[in-house]
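Since the structure comes first, as structure tokens, the remarks are kept for the end.
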Amino acid sequence: MKKYILALMVILICIIGVDVRQAEAYSVTVQKDGIYAGVVPDSFVNNTAAIFKKNVKKAMKYYNKYKDADEYTYIMKVPEKYRDFIPVAKQIRDSDEIIIRNPFYIYQTMDDAVPESYHFFAEKDGKKLCMFTIEIELESGKVSFWYDKMKEGRYAYDEKGETIYYEIDQIIYAETRDKTRIVWDGKPLGGEKLASDLGTDDWEAEQKAMDQKFRSMSYSEKKDEMLADLAKRSKEKFGYKASKNSKVELEDDDVEPEEDVKESDRTDVYIVVGIGIAVIGVTIGGIILMKRRKNRL
């Protein structure tokens, strides 16, 4: 009889652990590989693992707090990027090793500003887990994490990291040595530019000329121009302030009050424990009844 009770208690503990336990021990490694590896500023890479883990934790907090809420409350309380990211976060287990790799950015021919955002791919068990974006405000140095499920779906995962991305006339292209495809067509309906995008005739002519020249290049020529241009701009213009302060945002947790989430977790635990105890009680009662009937026979 004691053996049965002990086995049932172990099962109950396992049920509780699976239901409410958040992965904490998994590892995250950043590999600076792919064709963009040599030109991505360190400020975007040094804290990427910590930023990723922080946002996995945020997503799971939202999930644990509002998983039983009605649809309206869930939508109103959980930001869209976390609603999308929750299914990704739920896939991560303590034994997992997450590898973040192949950072890239989207090149524009006449944009001479330093890119403020880079995209990264995360792998789990050697397969794509997700694609996400790290942004840095160059003036304040604040680091932000963004996940967009719809955007991610447009980018095919290139394990070798050899795809180049560029934007021409509001269309984003992905190009490899073998083919070019459209990732996203951002033109307004009707093919006309928005008023805010209109410039002088000279500017538009220059833009079209540069776009046409770039479009006519081979894959290797495009790649070389993009990487050389980014390396130059990053070296000359990427402020030390952003690099120095890039850890600031990591210390702030603006998701939910910690005590609120813990209270929600405790409620979930009580419910699961109650159900588990009830199941154990019924099972033990059945065992006792069966033994009594057996003894009578």
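The values are calculated or read from the model by the stated rules, or taken from the named source; none is laboratory data. What you see is a predicted model; the values in this text were computed from it and never measured. Glycine gets a Cβ as well: all are built from the backbone with ideal geometry, and neighbour counts include every protein chain shown.
Below is a table of values for the structure above.
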| read-out | value |
| --- | --- |
| Residue pairs meeting the criteria (Cβ under 6 Å; at least 6 apart or on separate chains; first under 21 Å from Y165 (Cβ atoms) and of a type outside the set (K, R), in the range 36-51; second at pLDDT below 80 and surrounded by fewer than 21 Cβ atoms within 10 Å (Cβ to Cβ)) | P41/S234; P41/F238; S43/S243 |
| Top-ranked residue of the range 171-194 - restricted to ones that are under 17 Å from Y105 (Cβ atoms) and part of a loop (DSSP other than H, G, I, E, B), ranked as modelled with the highest pLDDT | T176 |
| Flag for I98 being of a type in the set (V, I, T), modelled with pLDDT of 90 or more and over 14 Å from V30 (Cα atoms) | no |
| Residue, farthest from V40 (Cα to Cα), within the range 199-253, restricted to residues that are modelled with pLDDT of 85 or more and outside any helix (DSSP H, G or I) | S216 |
| Condition met for D169 (surrounded by 13 or more Cβ atoms within 10 Å (Cβ to Cβ), farther than 24 Å from I51 by Cβ and of a type outside the set (V, I, T)) | yes |
| V88 being part of a helix (DSSP H, G or I), touching a Cys at 6+ places or on another chain (Cβ under 7 Å) and within 23 Å of E24 (Cβ to Cβ) | yes |
| I100 being crowded, with 18+ Cβ neighbours inside 10 Å, in a strand (DSSP E or B) and not small (G, A, S) | yes |
| Single residue of the range 30-73 satisfying the filter (closer than 30 Å to K222 by Cα and among the hydroxyl-bearing types (S, T, Y)) that is modelled with the lowest pLDDT | S43 |
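Results for (1) surrounded by 15 or more Cβ atoms within 10 Å (Cβ to Cβ); (2) in a loop (DSSP other than H, G, I, E, B); (3) over 16 Å from the mean Cα position of the chain (by Cα), shown as yes or no for each residue.
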site	(1), (2), (3)
A122	yes, no, no
C130	yes, no, no
T133	yes, no, no
S140	no, yes, yes
Y157	yes, yes, no
K160	no, yes, yes
